[in-house]
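The values are calculated or read from the model by the stated rules, or taken from the named source; none is laboratory data. None of the values given here were measured: they were computed from a predicted structure. For neighbour counting, all protein chains shown are included, and Cβ atoms are generated from backbone atoms with ideal geometry for every residue, glycine included. Only protein heavy atoms, including side chains, enter the accessible area calculation; ligands, DNA and RNA are left aside. Shrake-Rupley method; radii C 1.70, N 1.55, O 1.52, S 1.80 Å.
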Amino acid sequence: MPRERTLSALDEYELAVDEIVAACDGDLRDALRALMLLNERLELRLEQLCEVHPPHQRLH
């Protein structure tokens, strides 16, 4: 059942979760696995960026 769309950040997260679970055919375990793998990839990318641009070289 689709959720009503609003500007709330929490609603945006709810929609994203619904989409992820739907993409995994409703399997919550597969959805969690997909999110964990994505998080791992993002952490690796962040580490790579920090190696190229150490914290003391950042503008903010």
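Please determine whether any residue of the range 25-32 is surrounded by fewer than 11 Cβ atoms within 10 Å (Cβ to Cβ), outside any helix (DSSP H, G or I), modelled with pLDDT of 95 or more and not small (Gly, Ala, Ser).
yes
Tell me yes or no: at least one residue of the range 1-13 is open to solvent by less than 80 Å² (accessible area, probe 1.4 Å), out of contact with any strand residue (DSSP E or B) (no Cβ under 7 Å at 6 or more places or on another chain), among the hydrophobic types (A, V, I, L, M, F, W, C) and modelled with pLDDT under 95.
Yes, the range 1-13 has at least one match.
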